[in-house]
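Chemist: My questions will all concern the structure given below.
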Amino acid sequence: MTRNREVASVLKEIAILLEIEGKDKFRPRAYYRAVRTVGSLGEDVENLAKEDKLTDIPGVGKGISDVIKEYLSTGAVRHLEDLRKKIPVNVKELSAIPNVGPKKIKLFYEQLGITDIESLENAIKENKLVSLKGMGQRTQNQIIEGIKLVKRGWERSRYIDVLPHTRRILEIVRGISGVRRAEVAGSFRRRRETVGDLDILVDADDSRQVMDAFVGMDDVADIMAQGSTKSSIRLQDNLQVDLRVIPKESFGAGLQYFTGNIDHNVSLRSLAIKKGLRLNEYGLFRGEEKVAGEHEKGIYDALSLPWIPPELREGRGEVEAALNGSLPKLITLGDIRGDLHSHTDQSDGVHSIEQMLDAAESKRYEYYCVSDHTQSLTVAKGLDEKRLLDRIDEIDDLNASGRWELEILKGAEVDILANGNLDINDEVLDQLDIVTVSIHSRMKDSKEIMTERVCNALQNRHVHILGHPTGRLINRRHEFDIDLARVFEVARENNVAMELNAYPSRLDLNAGNLRTAIGLGLKIAINTDAHRTEELDNMIFGVYQARRGWVTKEDVLNTYPLKELRKIIKK
């Protein structure tokens, strides 16, 4: 696990405090640039520091290099501590709120003395924000919604943020002598988009040794409870982790019990009762006799059920489906034949088309679509018709070169304009293999306007996929206010697939919407929306999300061989 994000967060705090201080407008800009480059770095910043190569990073000069080194070696930065004393603003809290950037933080502090979320909420209760320059009731309402999102984020962490902790804890625990098995359970095992707390189950000879190692980990902020078979800790980033040592003969029952949500477990217990059995975290019993418990599959076998994948254990009809033989055969990562939405340095990507193709080839994909942004998204250096035509010619040349075994597909992520038109003309769109259309502007439009806008775009005969259909960012931005039922209906009429955007902050569509979409016969395209080579690895998160939505291989566009894919998307 790299410390890049951690370092970028420190640099961002310095940048914002320098901007509030207002002595030098150039220094904050330098730090903001360093935040962007360090945060998107493909290499481990800690390794670069050890090799004395920090100044090789674009935007990192000697001064910022020294700051990074100081933080990596001591865990603090003296200059940052001085700034915090001078300007007592909780930058991390306030900057986490959507629609609250450095300029607003500076304005709030200088005009109203706001230093954290609590003082911001107090100012909002007194309706003070609306009187500030550039503010108004609408902006204040947006900030209110943003605060709600942040507070929900404090309660639940994104799956992607919990993943490194999970891997590290399992590695530590599995390395202890006498530990036979250690597994993660709970909502993390069900691949939920967010995780409230982390549940770890262990089978070991010496539970005390496991507990001591667990509570003694480096980043433990608080030991909430420590016992012989269960301990609870809170990590420095506020994640609660519970660890239980379970006897070998009950491990499968414990794994089942602590994985399924309450509705799933109630359904299983009810089924057990009908069969004259009793199910709990220690096993499945007939009277005092233990029928099953050591292996999770044995619990389901004894209840005359197929093993139900953890992603489905949400109490949404999966037990009934298992009983009547209609449980879906869920998609796997191995079913994916290509990626239909990704970016290069021609728009806002980091790597060249050749580098992205090399990375895609390493995954043994049959095809790979290059789909940079189009001209309306100027912040992303979107391609106009001329640049897009040049890219089409370039892809023809790359395909003819024979350097890659996969087929390079010509695509674009085309902006949906305010009236529902597309920002690239039909003559150019006609030359593309895959046209993905997306909303990147006017995200606060009313439900009626947003629905009409998207539906208009879907009726363009060149459109194949609707990108990140609801526009949400987990714990950061709500979904668009949009009538998805109407969107799905128009998409089906026009043979347009719905994207499942695998970017860990999006995972858009959500599980419920996915299930509705495939129930209507819509195809799903699981795409990474990668902006750099390593983000192609995010495909796994899209597959996890698809599985939660009961999606099968047959439901997904990019599981089909290229020849069949072309037939499916043909208008």
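Since every read-out is calculated from the coordinates, none of them should be taken as a lab result. No experiment lies behind these values; they were computed from the predicted model shown. Virtual Cβ from ideal backbone geometry, glycine too; neighbours counted across all protein chains shown.
Chemist: Take Ile262, project a point 7 Å from its Cα along the Cβ direction, then tell me which residues of region 124-152 have their backbone nitrogen under 15 Å from it.
Modeler: Answer for this model: none.
Chemist: Next question, about the same structure. Please name which of Val38, Val10, Pro28 has its Cα lying farthest along the dipole of region 1-70 towards the positive end, using unit charges on Cβ (Lys, Arg +1; Asp, Glu -1) and the Cα centre as origin.
Modeler: Pro28
Chemist: Ok, one more. Using label points projected 7 Å from each Cα along Cα→Cβ, tell me how many nm separate Glu534 and Lys248, to one decimal.
Modeler: Once both label points are built, they end up 4.0 nm from each other.
Chemist: So for the chain, averaging the separation of alpha carbon pairs under 8 Å that are six or more residues apart and normalising by length, what relative contact order in percent results?
Modeler: Value for the chain: 9 percent.
Chemist: Also, quick follow-up: Cα to Cα, under 15 Å, and not fewer than 8 places away if on the same chain: which aspartates and glutamates meet these conditions relative to Lys50?
Modeler: Lys50 reaches Asp66, Glu70.
Chemist: Under a Cβ-only charge scheme (Lys and Arg +1, Asp and Glu -1), can you give me the dipole magnitude of the chain about the Cα centre, in debye to the nearest 20?
Modeler: 1400
Chemist: Sticking with this structure for a sec: To the nearest 0.05, what FRET efficiency results for Arg403 and Asp66 with a Förster distance of 51 Å applied to their C-beta separation?
Modeler: 0.75
Chemist: Still on this structure, I have one more. Roughly how many nanometres apart are two label points built 7 Å out from the Cα toward the Cβ at Glu51 and Ile568?
Modeler: Roughly 4.1 nm, to one decimal.
Chemist: Right, here's the next one. From the square roots a ≥ b ≥ c of the eigenvalues of the alpha-carbon gyration tensor of the chain, which class results: rounded (a/c under 1.5), prolate (a/b over b/c), or oblate?
Modeler: Cα axes put the chain in the oblate bin.
Chemist: Same structure again: Among Val414, Val130, Val241, Val291, which comes first, second and so on when ranked by fewest other beta-carbon atoms within 10 Å?
Modeler: Going from sparsest to densest Cβ surroundings: Val130, Val291, Val241, Val414.
Chemist: Note down the nm distance, to one decimal, between modelled labels 7 Å out along Cα→Cβ at Ser177 and at Gln226.
Modeler: The two pseudo-label positions are separated by 2.1 nm.
Chemist: Report, in listed order, any pair from Lys329/Lys447; Lys103/Lys444; Lys297/Lys329 with a Cα-Cα distance greater than 27 Å.
Modeler: Listed pairs above 27 Å: Lys329/Lys447.
Chemist: Output the peptides 77-84, 376-383 sorted from most to least packed, where packing is the average of other Cβ atoms within 10 Å over each peptide's residues.
Modeler: Going from most to least packed, we get 376-383, 77-84.
Chemist: Rounded to the nearest 5, what % of the DSSP beta bridges within the chain are antiparallel ones?
Modeler: Percentage antiparallel, nearest 5: 50.
Chemist: To the nearest 0.05, what FRET efficiency results for Arg5 and His478 with a Förster distance of 25 Å applied to their C-beta separation?
Modeler: 0.60
Chemist: Which lysines have a Cα less than 30 Å from the Cα of Lys53, not counting those fewer than 8 places away in the same chain?
Modeler: Lys12, Lys23, Lys25, Lys62, Lys69, Lys92, Lys381
Chemist: Tell me which of Pro328, Leu484, Ile408 sits at the most positive position along the dipole axis of the chain, charges placed on C-beta atoms (Lys, Arg +1; Asp, Glu -1).
Modeler: Farthest towards the positive pole: Leu484.
Chemist: Of the DSSP beta bridges with both residues in region 165-283, give the percent that are antiparallel, rounding to the nearest 5.
Modeler: 75
Chemist: Counting only DSSP beta bridges with both residues in region 333-569, what percent are antiparallel, rounded to the nearest 5?
Modeler: Taking every DSSP beta bridge within region 333-569, about 10 percent pair in antiparallel fashion.
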